[in-house]
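Here is the structure we will look at, set down as structure tokens.
The values are calculated or read from the model by the stated rules, or taken from the named source; none is laboratory data. The structure presented is a predicted model; accordingly, all values stated were derived computationally and were not measured. Neighbour counts run over all protein chains shown; Cβ positions are idealised from the backbone, glycine included. We work out accessible area using only protein heavy atoms, side chains counted, and drop any ligands, DNA or RNA first. Shrake-Rupley method; radii C 1.70, N 1.55, O 1.52, S 1.80 Å.
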Amino acid sequence: MLDQIIHSKSEPGHIWPSESLTRVPYWIFQDRDTYVAEQKLIFQGPSWNYLCLSVELKNTGDFITTFVGDTSVIVARDSDGELYAFENRCAHRGALIALEQRGNTKDFSCVYHAWTYDRQGNLRGVAFKDGIKGKGGMPASFCMEEHNPRKLRLAEAFGIVFGSFSNDVPPLEEHLGEEIYSRIGRVMNGRTPVVLGRFTQALPNNWKLYMENVKDSYHASILHLFFTTFELNRLSQTGGIIVDPSGGHHISFSAIEPDAAKDNEYAEQDIRSDSEFKLADPSLLQSFKEFPDNVTLQILSVFPTFVLQQIQNAIAVRQVVPRGTGRTDLHWTLLGFAEDTPEQRLVRLKQANLVGPAGYISMEDGCVGGFVQRGIAGASGEQAVIEMGGADTDSSESRVTEASVRGFWKAYRARMGM
Amino acid sequence: MIQDVVNLINHVQGAYVRCIDNGQLEAWPDFFEENCTYKITTADNYAQGLEAGVIFANSRGMLRDRVASLREANIYERHVYRHFLGQPWILAEDSADVSSETSFFVARIMRGGATDVYATGRYLDVYRLNGGAPKIRERIVVCDSSRFDTLLALPL
Ligand code: FES
Ligand SMILES: [Fe+2]
């Protein structure tokens, strides 16, 4: 009897319950072996992972440390003007090579036994390599060239730097596809980004629950009541969902109708006067026209863990970093552009209130993943139902669909061989 | 003279944290001047001169809107804070204004009973003295850590 219980305990995991994309088993958010497999097959596999912004490494010697899944990674600009990225793991006994989040350096020296690396991640020095007074030291056969930390391929899209451990992943532009690539370009728009602030939101849930949430256009007007409570919804909006063929990347967008847009440069005019609740200071939402189109919201994700956000004039990149099966760090980088006027910059600072850990419309996203993680705690054998809008992963004009959530699982299963 | 100012600031700050910790958020904006700045940021952002806050308000109206949104719109699990403040350190003072710096320690008590250190940091303040009834003209809340657990709903 006891044997049976123990046996059945390890049983439910590991087999996807059906071919359909409309069911997702809850063990996928709980299982330690799955987490380990994700690191290998997704993060260290044929993915392009967000690393940083090129503008964060302006000068020769600038470096940052960032994450690809669990793996700490160094990105540095060398004297040839190029960026290089390599694992932040000493080739000797595995200590972190760089401890700081950012800085400027000629080279990197591991604190443990002072092995040194150049800015391209090549091992350049081994302390006491030849021993002291002819005694000790590394064997003559030891070849430094064979002991570099793993290097990443790098690619940039409009100043956003992605890295990959894989030699098999297609070039970034091809991997993203024209629709996703061009809409990253739409936001960056040939301008020079300026970091306005960085924050980390610690999420009490599995990383995939956050990515589901990002792709879930169904919840937006239901969970987030800020706009509806203050009756700030736009008069007439169009929009839609774009899911790339792999399923892994998506865009959710909404736009004001061209006619409504005409006399609508400032959101103030959209605010209904008969609302029970009114903003005491509606300047929070006084937008400026930043883009030639009428798109006021564009949430874009790149598989596995990158999000680029335009919510009116609040622009941000979000990097999702798994921290174990039930923990995730969400790194926010709020952006402006060097071209901003002081008035435009102030608008961005005010609209930053919409996002981040205290965001009027995103604080809920910080807790809802935890509600799921806790809700499913005793239900690893049960499944989520993801049928809104059907069973496919097609792009659509309706946002009352879970097509891009299904898309995530399509890409995930393909990568995990599930 | 310094001691008088310290007492005065201490008194106002005591009332400020009591207001938040007792859940009387509607009264919280009244600690500020009409034209005020309230910003929550991190030590890293502050040191690097990065302007954006986790919360940024440049009017008392925006603070009222925060409270209204927390009460009527935002969804989050019920929790309360307990603030502990250090003594204000007076940075500058003249007959109209006082600049001060005060350490804070905030514990967060969740609905289920879990009590955690939620944030530590310092208030960088400019008070307008208003003849003995000081109000905050500027409060920059500099959190020591850049990590915010789950969300930041209630003000610091
Ligand atoms: S672990 Fe880095 S030098 Fe030994
Ligand atoms: Fe959301």
* Where the accessible area of chain A is counted over protein heavy atoms with a 1.4 Å probe, how much of it, in %, is carbon and sulfur? -> 52 percent
* Distance from the Cα centre of segment A:348-386 to that of segment A:71-101, in angstrom? -> 32 Å
* To do: Take the Cα radius of gyration of segment A:144-202 and divide it by 2.2 N^0.38 Å, with N its residue count; two decimals is plenty.
  => 1.48
* How would A:107, A:329 rank on accessible area, largest to smallest, probe 1.4 Å? -> A:107, A:329
* Would you please classify the overall shape of segment B:57-110 from the alpha carbon gyration tensor, given that a ≥ b ≥ c denote the square roots of the eigenvalues, rounded means a/c under 1.5, and beyond that prolate means a/b larger than b/c while oblate covers the rest? => oblate
* Around residue B:118, with a cut-off of 11 angstrom between Cβ atoms, what is the net charge of the other residues, counting Lys and Arg +1 and Asp and Glu -1? -> +1
* Got a sec? Charge dipole of chain A, +1 on Cβ for Lys and Arg, -1 for Asp and Glu; which of A:169, A:127, A:43 is way out at the positive end? -> A:127
* Too-long pairs where the Cα-Cα distance tops 30 Å, listed order kept, from A:58/A:151; A:58/A:350; A:40/B:39; A:289/B:39 -> A:40/B:39
* In a Gaussian network model over chain A where Cα atoms closer than 10 Å are linked, find which of A:285, A:53, A:99 has the largest mean-square fluctuation. => A:99
* Which value at 222 nm does chain A reach when only helices count, each DSSP H run of 4 or more adding -39,500 (n - 2.57), with the total divided by all residues and rounded to the nearest 500 deg cm²/dmol? -> -6000 deg cm²/dmol
* If a/c stays under 1.5 just call it rounded; otherwise compare a/b with b/c (prolate if a/b is bigger, oblate if not). Do that for segment B:1-98, with a ≥ b ≥ c from the square roots of the Cα gyration tensor eigenvalues. => prolate
* Asked: For segment A:88-161, what does the alpha-carbon gyration tensor say about shape, rounded, prolate or oblate, given a ≥ b ≥ c as the root eigenvalues, a/c under 1.5 as rounded, and a/b over b/c as prolate?
  -> prolate
* Asked: With a sphere of radius 15 Å drawn around the Cβ of residue A:141, what net charge do the other residues whose Cβ falls strictly inside it have (Lys, Arg +1; Asp, Glu -1)?
  -> -2
* Asked: Just how far, in whole angstrom, is segment B:8-26 from segment B:43-69 if you go by their alpha carbon centroids?
  -> 19 Å
* **Size of charge dipole - chain B - debye, nearest 20, with Cβ of Lys, Arg +1 and Asp, Glu -1, no other charges** => 460 debye
* Taking every residue in B:41-48, how many Cβ atoms of other protein chains lie within 10 Å of its Cβ, on average? -> 3
* Go through A:204-212, B:140-148 and give me the packing order, highest mean Cβ count within 10 Å leading. => A:204-212, B:140-148
* **Residue-level accessible surface for residue B:115, protein heavy atoms, 1.4 Å, Å²** => 90 Å²
* Could you work out how far helix A:363-375 tilts from the main Cα principal axis of chain A, as a 0 to 90 degree angle to the nearest 10? => 70 degrees
* Structure fact -> In debye to the nearest 20, the charge dipole size for segment A:20-127, taken about the Cα centre with +1 at each Lys and Arg Cβ and -1 at each Asp and Glu Cβ, equals 120 debye
* To do: Excluding residues fewer than 8 places away in the same chain, name every one of the lysines whose C-alpha is closer than 19 Å to that of residue A:215.
  => A:410
* Taking 0.36 nm per residue of separation and subtracting the Cα-Cα distance, what length does fully extending residue B:144 through residue B:2 add? -> 48.4 nm
* Just which residues of segment A:176-214 lose 30 Å² or more accessible area with every protein chain there, against their chain alone, with the probe set to 1.4 Å? -> A:196, A:198, A:199, A:200, A:202
* To do: Mind checking A:347-357 for the average number of partner chain beta-carbons within 10 Å of each residue's beta-carbon?
  => 5
* Contact surface A-B: accessible area buried, both sides summed, square angstrom, 1.4 angstrom probe -> 3300 Å²
* Relative to the longest principal Cα axis of chain B, at what angle does helix B:2-21 sit, 0 to 90 degrees, rounded to 10? -> 20 degrees
* Computed FRET value (nearest 0.05) for residue A:391 with residue A:79, which takes r as the C-beta separation and R₀ as 56 Å -> 0.55
* Karplus couplings for segment B:93-103 from phi (6.51 cos²θ - 1.76 cosθ + 1.60, θ = phi - 60°), rounded to Hz, Gly and Pro as x? -> 7, 9, 5, 9, 10, 10, 9, 9, 10, 9, 6
* **Peptide ranges A:394-406, A:18-30 listed from the most packed, as the mean C-beta count within 10 angstrom indicates** => A:394-406, A:18-30
* To do: Choose one answer from A:362, A:301, A:283: the residue with the largest mean-square fluctuation in a GNM of chain A with alpha-carbon springs under 10 Å.
  => A:283
* Just the isolated ones, please: cysteines in chain A lacking another cysteine beta carbon under 4.7 angstrom. => A:52, A:143, A:367
* **At R0 = 56 Å, FRET efficiency that the Cβ-Cβ distance of residue A:223 and residue A:58 yields, to 0.05** => 0.90
* Asked: Mind checking which aspartates and glutamates have their C-alpha under 16 Å from residue A:278, skipping anything on the same chain fewer than 8 residues away?
  -> A:231, A:268, A:270, B:26, B:65, B:72
* Over segment B:19-135, what percent of the accessible surface lies on carbon and sulfur atoms, probe 1.4 Å? -> 49 percent
* Structure fact -> At R0 = 41 Å the Cβ-Cβ FRET efficiency linking residue A:413 and residue B:89, nearest 0.05, sits at 0.10
* Folded to 0 to 90 degrees: helix B:60-72 orientation relative to chain B principal axis, Cα -> 20 degrees
* Asked: Can you give the mean number of other chain Cβ atoms that lie within 10 Å of the Cβ atoms in peptide A:364-374?
  -> 3
* Structure fact -> Per GNM of chain B with C-alpha springs under 10 angstrom, the most fluctuating residue out of B:129, B:85, B:70 is B:70
* To one decimal place, what Kirkwood hydrodynamic radius in Å is obtained for chain A from all pairs of distinct Cα atoms? -> 23.3 Å
* Structure fact -> Magnitude of the Cβ-charge dipole (Lys and Arg +1, Asp and Glu -1) of the protein assembly as shown about the Cα centre, nearest 20 debye, reported as 1580 debye
* How far apart, in nm, are two points set 7 Å out from the Cα along the Cα-to-Cβ line at residue A:382 and at residue A:104? -> 5.6 nm
